[in-house]
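Structure first, commentary second.
The numbers here are math on the coordinates, done by the rules we state, and not lab data. Fair warning: this is a prediction, and the values are worked out from it, not measured in the lab. In this analysis, Cβ positions are derived from the backbone assuming ideal geometry, glycine residues included, and neighbour counts consider all displayed protein chains.
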Amino acid sequence: MKFRPRSRNREQQWQPNKGLFVGEDGSPLADDRSRQARQIQIISSGDIMNRPVRTPTDPDETRARILEVAEEHFRRIGYHKTSVADIASELGMSPANVYRFFPSREAINESICERIVNEVADIASAIARTNASASAKLELLLIAIHRHNKTKLLKERHMHDMIAAALQKNRTIIKTHIEWMVTMFEAIVSEGIEAGEFRAEDPAEAARAVKTAFMPFFHPILIEHCVQHGEDSEAGLREQIRFILKALGKSD
């Protein structure tokens, strides 16, 4: 016996423009009435119209997310032990995709370093904007930066090690940060000269001298040396600040 496809009722006519079968009177057949009702319900409920449209992820958002995950790994296990594959796995993407946003792991390291030094810049800027005297600003700023860097050593050792390595390698981001600090020192010294607090003749030269005098209390490796030998680094810094202010010709 040959198989013959079951033919539809002769009364059923296909209406392509309507997408359903209709009877001779043009009304939808029972099964199609239900289907049509469901289609109308979906459209009228707004499920289709209000459904969010997926758009490509913003590249800046992806970069930020990569850095967030990288920084979390750096803080937890250290930057030496974190690979691009580790970062990619956490993000659910391939290492090749990570390299679309950062050309190398070193580029990721530098971006994390920039985040950390920007924390210091934010602290310094907040102090510089206060209405305190120039000498008070300089003292507060030096103490705040020292405490911040020392806290990195004591509570975030992996991040401390990364910044120390960046300093040793003379990374561009670190050089830029130190230059920015010298500019900040110069602005405060200039304020002090204008207010009659300081008697330094050249603010730029004085700022570079302040940076040199402050370096033992700024450099991560030198801070670590003080801690390892049980030295009171903050007491030493206060003595150095008195020396700096005296060298600037602070009036009593």
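Miscellaneous remarks
- Taking only the Cα atoms of the range 168-241, the ratio Rg/Rh comes out at 1.05, with Rh defined as the Kirkwood radius.
- For the range 114-252: rounded, prolate or oblate by the Cα gyration tensor [a/c cutoff 1.5]: prolate
- Among the chymotrypsin sites (Phe, Trp or Tyr not before Pro) within the range 70-113, those in coil by DSSP and having at most 15 neighbouring Cβ atoms inside 10 Å are TYR99.
- Model label zone, THR151; criterion: amide N under 13 Å from point 7 Å along Cα-to-beta-carbon; scope the range 101-133: 119-124
- The shape of the range 203-252 comes out oblate: with a ≥ b ≥ c from the C-alpha gyration tensor, a/c is at least 1.5 while a/b does not beat b/c.
- Loop GluC sites (Glu not before Pro), the range 202-252 (other Cβ atoms within 10 Å of the site Cβ: 16 or fewer; DSSP): GLU231
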